[in-house]
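Report on the following structure.
Read the figures in this text as sums done on the coordinates, not as results from a lab. Keep in mind it's a predicted model, so treat the numbers as computed, not measured. For neighbour counting, all protein chains shown are included, and Cβ atoms are generated from backbone atoms with ideal geometry for every residue, glycine included.
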Ligand SMILES: [Fe+2]
């Protein structure tokens, strides 16, 4: 069966274009924010209170703060989210496994038709879809299929964009939907025209502020940290049941397997969307202990930095700030060469890197023997690869 997606016949009624956002549930949101905003330099787009009136009928009296934050590295309203773990556990109850700290794995697709026809297709195939409609804040249209092991995946389009004013849409004009909208829907521009005519102050939203001093030179620009996150992903998941997980991400969501690696008797799979070598990597859960990772479901989440120089400076800066840095064997991260894991305050590993191998029309990755070999001490400069600085680019000023 094939589906007409914008005039092209595809095996499913949507096509994932990129990994859009991701998030962790954390023990202490303020501590996590000091790390993600205060050290990594992500910007805050909005806060969110998961308590009443957003969620009523739950006992939040013993969970501490119910506030989470939406963060961004570029114009997308959010590319990362930090939510309060105890409050989230209270909300989902037994719906996800204990100790799950991933709040979502969100994939950008192209159009409203793709989102809502995709939703119908997923429901027909028996997937639970606990949320559909329009997420706020962020105003993105979405459907949320539950993937293997309870990992909440999201397919979305139309993420709110934040520009030089650093200001998000105010809550009064979010226009939440918890159901499929009537299509075709009016455009955001028309929506805002109506909001303005109704007397709403369109400039009353959250404005990001950063009190840190910009004391580091980053290749000709002064920034508060000696690097800049320019892209999010890939996500590396630990998987209990590869027979279930691999078909979900490959056959249901439509990601392509770029490469599979056998490491120490474990089969690991690297799947892509678009041209990057991998946007998602699946590792058997048995590797968790061997790699000394303490979080249950996520081996790491990636933050691509603007250059190799920035990566080297980032590792030094984060080490000096007291962060734990670890390194994975290069064979476990094909497509990425120099990279380091920095641990967040909850023990989540974040993969910092600068280069991602790019895959062309023939789908062939670079042979392992032709990849840059990472040696013990990192050199000051690298010989360029044919696809250096390729792939999704950061737009706008670095700061
Ligand atoms: Fe989302």
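In this calculation the C-beta distance from residue 176 to residue 266 is compared with R0 = 45 Å, giving a FRET efficiency of 0.60.
So what's the range 118-247 giving for Cα Rg divided by 2.2 N^0.38 Å, two decimals?
The reported ratio for this selection is 1.41.
Which whole-number percent gives the relative contact order of the chain, counting Cα pairs below 8 Å spaced six or more residues apart? 14 percent. For the pair the range 110-124 and the range 29-60, the centres of their Cα atoms are 29 angstrom apart. Among 41, 363, 199, the largest mean-square fluctuation in a Gaussian network model of the chain, built with springs joining Cα atoms closer than 10 Å, belongs to 199. Rg/Rh for the chain stands at 0.94; both radii use Cα atoms, and Rh follows the Kirkwood definition. Rounded to 0.05, the FRET efficiency of the residue 219 and residue 161 pair, given R0 = 25 Å and the Cβ-Cβ distance, is 0.50.
Counting only Cα atoms, the range 50-98 measures 36, 25, 16 Å along its principal axes, largest extent leading. For the range 199-287, the convex hull spanned by the alpha carbon atoms encloses 236 Å³ per residue. Sequence-distant contacts, meaning Cα pairs under 8 Å at least 6 residues apart, place the relative contact order of the range 214-358 at 25 percent.
Enclosing the Cα atoms of the range 48-145 in their convex hull gives a volume equal to 119 cubic angstrom per residue. All C-alpha pair distances within the range 278-393, sorted into 10 Å bins from zero, spread as 12, 44, 35, 9, 0 percent across the bins. Listed from fewest to most Cβ neighbours within 10 Å, the set 159, 1 follows the order 1, 159.
Gain on full extension, evaluated as 0.36 nm per residue between residue 386 and residue 94 minus their Cα-Cα distance, stands at 100.3 nm. Stretching residue 294 away from residue 9 to a fully extended chain increases their span by 98.3 nm, per 0.36 nm per residue minus the current alpha-carbon distance.
The slack in the chain from residue 243 to residue 369, taken as 0.36 nm per residue of separation less the alpha-carbon distance, amounts to 42.4 nm. When each of 278, 354 is scored by the number of other beta-carbon atoms lying within 10 Å, the sequence from fewest to most is 354, 278. Computed over the chain, the per-residue total of -39500 (n - 2.57) for DSSP H runs of n ≥ 4 gives a 222 nm mean residue ellipticity of -4500 deg cm²/dmol, rounded to 500. Normalised by residue count, the range 114-161 yields a Cα convex hull volume of 67 Å³ per residue. Of the residues 267, 139, 198, the one that moves most in a GNM of the chain with alpha-carbon contacts below 10 Å is 198. Bridge orientation summary for the chain: considering DSSP beta bridges with both residues in this region, about 75 percent are antiparallel. With a simple spin-label model that places each label point 7 Å from the Cα along the Cα-to-Cβ direction, the separation between residue 59 and residue 188 comes to 4.2 nm. A Gaussian network model of the chain, with springs between Cα atoms under 10 Å, assigns the largest mean-square fluctuation among 151, 230, 92 to 92. Taken over the range 204-254, the percentage of Cα pairs per 10 Å bin, counting from 0 up to the bin with the maximum distance, is 18, 25, 19, 18, 21.
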